[in-house]
1. Given the structure, is Lys382 among the charged types (D, E, K, R), surrounded by fewer than 24 Cβ atoms within 10 Å (Cβ to Cβ), touching a helix residue (DSSP H, G or I) at 6+ places or on another chain (Cβ under 7 Å) and more than 23 Å from Glu134 (Cβ to Cβ)?
2. Which one of these is out of contact with any Phe, Trp or Tyr (no Cβ under 8 Å at 6 or more places or on another chain), open to solvent by less than 50 Å² (accessible area, probe 1.4 Å) and at negative phi: Leu32, Leu22?
3. Given the conditions (1) at pLDDT 95 or above; (2) farther than 21 Å from Leu103 by Cα, which single one is not true for Glu151?
4. Looking only at residues that are open to solvent by 50 Å² or more (accessible area, probe 1.4 Å) and in contact with a Lys or Arg (Cβ under 9 Å, 6 or more places away or on another chain) in region 299-317, which one is modelled with the lowest pLDDT?
5. Could you tell me whether any residue of region 124-137 is open to solvent by 30 Å² or more (accessible area, probe 1.4 Å) and basic (Lys, Arg)?
6. Mind listing just one residue for me: the one in region 232-266 that is aliphatic (A, V, I, L, M) and under 26 Å from Cys179 (Cα atoms) and, of those, surrounded by the fewest Cβ atoms within 10 Å (Cβ to Cβ)?
7. Does any residue of region 3-16 turn out to be touching a strand residue (DSSP E or B) at 6+ places or on another chain (Cβ under 6 Å) and either within 19 Å of His118 (Cα to Cα) or open to solvent by 10 Å² or more (accessible area, probe 1.4 Å) (or both)?
8. Could you list, in sequence order, the residues of region 131-159 that are more than 30 Å from Met347 (Cα to Cα) and part of a helix (DSSP H, G or I)?
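The values are calculated or read from the model by the stated rules, or taken from the named source; none is laboratory data. Since we're looking at a predicted model, the values are computed, not measured. FYI the Cβ positions are ideal-geometry reconstructions off the backbone, even for glycines, and counts take in every protein chain you see. These accessible areas exclude ligands, DNA and RNA; they are computed on the full protein's heavy atoms, side chains included. Shrake-Rupley method; radii C 1.70, N 1.55, O 1.52, S 1.80 Å.
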Amino acid sequence: MYDFMKEAQSIKEELIEMRRFLHRNAEIRDELPVTSQFVRDKLSSWGIENREISKSGIVGRIGKGAGRTILLRADMDALDVKEESGLPFASSTPYGHCCGHDLHTAMLLGAAKILKNHEEELSGTVKLMFQPGEEYFIGSQAMIKAGVLEEPKVDVAVDMHMNAKNPVGSVAVCKGYTCASCDGMKLVVHGKGCHGAWPHTGTDPFHTAVNIYLAFQELLARETPGDQTATLTFGQITGGNTANIIPSDVTMQGTLRVFDKNTRAFLKERIQEIEEAMGKAYRTEIEHIVLSDVPALYTEPELQEEMIGYCRELGITYRDYPPSSASDDFARVAERVPSVFFSIGCMPYGAKTLYPPHNPKILFNEDALPVGTAIHCQCAMKWLEAHHI
C-alpha cells in the first residue's frame, strides 16, 4: 500500500534542497547544461533509466515495460529576467526562475524517486519528461520530434504549474480549453526613407504600420464572434532615430492569443490579408516573421475528472481555474494525447503583495512542493491501475 502525500512530506527537505539548487543556477532556452546534468545525476542515483533525447531534453522511465504509459512533464528553463526576490538562494546567473519551473522540476524529481520505490506495484510505465525551452516555445516540439511520445507510446499526460495567488493545499483545474494559443509575429515594414520636409519623395513605413495596427484591432471588435475570446497585442513598434527623417523600415512585434482553433485559423488568415492589402495600398512591403505558433492547451474533461477523483484521497482542496490567455507549449503534447493540467497553489504566507508570473519579485511557497509531488505519484499509480491491460 502507499500514502503518497505522507511519502512526499517525508522528503520535503530534499525537495526544497533540489529546488534551491535549481533556483540558484537558473538557465534559459535549451541551454541548460547545469540543470539537465543535475536532473540526470539525480535520476541515475535512484537507478532510473534516463537519456537526453534533444538539446537539454531529458526523458526518464520507470516501470516493467508492460501495460499502458503515462507521461509526467516538468519544464526546467528560467526567464531572461534578473531576479529581485531578495531570497538568500537567489539566482547567481543573469536569469531568474520567476515562473516556478524550478519547483516543477523538483516536484517531478521527487515523484520519480518515490515511484521508483514503488516500481513493482506499477501496472504500466511512467515516462518522465524534463523539458527545456518552454518560455521560448521550442522545447516540447523538439522533444516530440525526438520521440518523447513513442517507445513506448504515451497514452495520457499530466502537467502542472505553480499558482502564487492560491493557497498551499489547493489545486485549481480547468476542463476544456485551459491556456490560449500564442502566435507571435514580427512584422518588418519596408518603405523608402527620406527627409521629413519632403515626405512625398519617400514611402513612409510608419503610415503603413499605424494602419496595420488599427486594422488588427478592428479584427477583434468587428470580426471576432462575441462568444469567443481573442487578444491581439503589440509590444513593439519602432523605427528611425531622429525627428526629421522618415526611416526606411519599421518593426512591429506582437502576439495573437485565441482558444478556439477555428477562430484562430480565421484571424491568422485575415492578418495575412490585411498585411497584403496595406502593403499594396501604401506602397510598402511587409515581411512577416513567425516567432511562435503554439496551439491552445486543451485539458480533456473526462480525464481531468478521473484524475481529480484519484487525488481527492490526498486531502487536496479543488477549485475552478478560469481559462487563461497565457500560453504553455505543453499544448503540443495535449493536442496529441489526452492530457490534464493542474494549477498548484503556492501563495506565500502573510504576503501583502502577490506578484504575477514573470515578475522579478514573485515568491513561491515551498510547502507546495510535496503537494505537486504527491499528485504526480497518485495520478500515475491510480491511472495505470485503472487502465491496466
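1. yes
2. Working: Leu22 fails: out of contact with any Phe, Trp or Tyr (no Cβ under 8 Å at 6 or more places or on another chain).
Of Leu32, Leu22, the one residue that is out of contact with any Phe, Trp or Tyr (no Cβ under 8 Å at 6 or more places or on another chain), open to solvent by less than 50 Å² (accessible area, probe 1.4 Å) and at negative phi is Leu32.
3. The failed condition is (1).
4. Initially, region 299-317 is screened for residues open to solvent by 50 Å² or more (accessible area, probe 1.4 Å), giving 300, 302, 305-306, 312-313, 315, 317.
Subsequent filtering for residues that are in contact with a Lys or Arg (Cβ under 9 Å, 6 or more places away or on another chain) retains 300, 302, 305-306, 313.
Working: Glu300: 95, Glu302: 96, Glu305: 94, Glu306: 96, Glu313: 90.
Result: Glu313.
5. Taking region 124-137 as the starting set, the residues that turn out to be open to solvent by 30 Å² or more (accessible area, probe 1.4 Å) are 135-137.
Then drop every residue that is not basic (Lys, Arg), which leaves none.
Within region 124-137, none of the residues are open to solvent by 30 Å² or more (accessible area, probe 1.4 Å) and basic (Lys, Arg).
6. The first filter runs over region 232-266 and keeps only residues aliphatic (A, V, I, L, M), leaving 232, 237, 243, 245-246, 250, 252, 256, 258, 265.
Next, only the ones that are under 26 Å from Cys179 (Cα atoms) stay: 232, 252, 256, 258, 265.
Values: Leu232: 19, Met252: 23, Leu256: 23, Val258: 26, Ala265: 11.
Among them, the one singled out is Ala265.
7. Taking region 3-16 first, the residues touching a strand residue (DSSP E or B) at 6+ places or on another chain (Cβ under 6 Å) are none.
So far as region 3-16 goes, no, none of its residues is touching a strand residue (DSSP E or B) at 6+ places or on another chain (Cβ under 6 Å) and either within 19 Å of His118 (Cα to Cα) or open to solvent by 10 Å² or more (accessible area, probe 1.4 Å) (or both).
8. Of all residues in region 131-159, those more than 30 Å from Met347 (Cα to Cα) come to 141-155.
Passing the criteria: Gln141, Ala142, Met143, Ile144, Lys145.
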